[in-house]
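Every read-out reported here was derived from the displayed coordinates using simple, explicitly stated rules and does not represent laboratory data. It should be emphasised that the depicted structure is a prediction, and the values quoted were computed from it without experimental measurement. Cβ coordinates were reconstructed from backbone atoms using ideal geometry, including for glycine residues, and neighbour counts include every protein chain displayed.
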Amino acid sequence: MNSATLHTPVLLHEVVDGLAVKDGGLYLDGTLGLGGHAEAILARRECSLLGLDRDRTALRYAMGRLSPFGLRAHAQHASFADFAVHMDALGWDRLDGALLDIGVSSMQLDRGERGFSYRLDARLDMRMDQEADVPTACDIVNTWDADRLREAIARFGEEPNAARIVSRIVTARKKGGIRTTGELASLVEAAYPAAWRAKARHHPATRTFQALRILVNDELGQLNRFLEQILGRMQTGGRLLIITFHSLEDRLVKQTMHRWAKACLCPPSARTCVCGHKPEAVLLWKKPLVASPEECAINPRATSAKLRAVEKLAGQ
Ligand SMILES: C[S@@+](CC[C@H](N)C(=O)[O-])C[C@H]1O[C@@H](n2cnc3c(N)ncnc32)[C@H](O)[C@@H]1O
């Protein structure tokens, strides 16, 4: 299989048009994945692109796919939170555009051995970087204190049945623990009240798996670190585009972009502005772009995608 068949990039035309790619421009793809977006960006103009990914397998595929672009394409094994170090290594001061397409690739979901999917039975892992020395989903499920685990599943999975699920997990621990995705998925399914199971649009384990993936990979922490630094490393007029797939990430991106675009940060009670804040960026679109019904029919992953973007203003 080649990279193009392992993952279909979402909102591809919207991303490449939104970045307004120009000749000689410097672009960052912080979630290179299988390189679908990166390839389209490099093909659009004679620009250069730095691609980062925490997943070495994805990176290997992407490097092969981008090799026709020669020295215009750079790929590194890194978290997007550390993008500045890799820009410095290339001698890049400021970017003309940056993209994040956050989440898991179809390749990661479809490879059972990575332990991301409740559909394929495998060892519970969920590390995007297979070599990272961090607790796996198996470690968290089997060792975390019950209250901490319940809170995390409720918060990061937005799971209303977190208490019932954790109660089953605690019982399973006494019988030897939970080792596989299949064991966890069946346990969560059994913990769901029958009426909920009957009306659920998704598998009952979806939210618990999301929570564990966010925890294992510190997904919100990485995104926060990226957002804190990125505008400072962009050119005036440079564009930042972010695709998210769940509401926790989308909320963080939305709130940050709206704060950048605000002229005043004084509390609503203030009669006159005392903060002196100036907008740092403008929103490219008031509402996020979503995939068309046609795209969703071809690529069901696109259904939950939201694309938000800003353009950096002068003076920052
Ligand atoms: C949805 S895929 C990206 C697909 C890509 N846009 C394409 O066209 O093939 C998301 C990728 O982001 C990577 N990823 C997730 N969090 C990351 C992080 N903090 N730093 C770097 N890569 C990350 C995942 O390993 C995965 O390969």
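Brief remarks on what is shown
- For segment 4-44 and segment 64-129, distance of Cα centres in Å: 13 Å
- Above-threshold pairs, the threshold being 25 Å between Cα atoms, out of Lys287/Lys312; Lys199/Lys254; Lys174/Lys199; Lys22/Lys262; Lys254/Lys278: Lys199/Lys254; Lys174/Lys199; Lys22/Lys262
- Net charge contributed by nearby residues that have their C-beta within less than 11 Å of Gly36 (K/R +1, D/E -1): -2
- For the chain, the relative contact order is 17 percent, taking Cα pairs closer than 8 Å that sit 6 or more residues apart in sequence and dividing their mean separation by the residue count.
- Most simply put, the chain has about 40% antiparallel DSSP beta bridges, counting only bridges with both residues inside it.
- Between helix 162-174 and the chain: long-axis angle, C-alpha atoms, 0 to 90°, nearest 10: 60 degrees
- Only DSSP H runs of four or more residues enter the estimate; each adds -39500 (n - 2.57), and after division by the residues of the chain the mean residue ellipticity at 222 nm equals -12500 deg cm²/dmol.
- Hz values of 3J(HN,Hα) by residue in segment 249-260 - Karplus curve (6.51, -1.76, 1.60), Gly and Pro given as x: 5, 4, 4, 5, 5, 4, 4, 5, 5, 5, 5, 4
- 0 to 90° range, to nearest 10: angle between helix 181-191 axis and the chain longest Cα axis: 70 degrees
- Residues whose amide H falls under 5 Å from that of Gly238, counting only those 5 or more places apart or on a different chain, are Lys312, with hydrogens built in the peptide plane.
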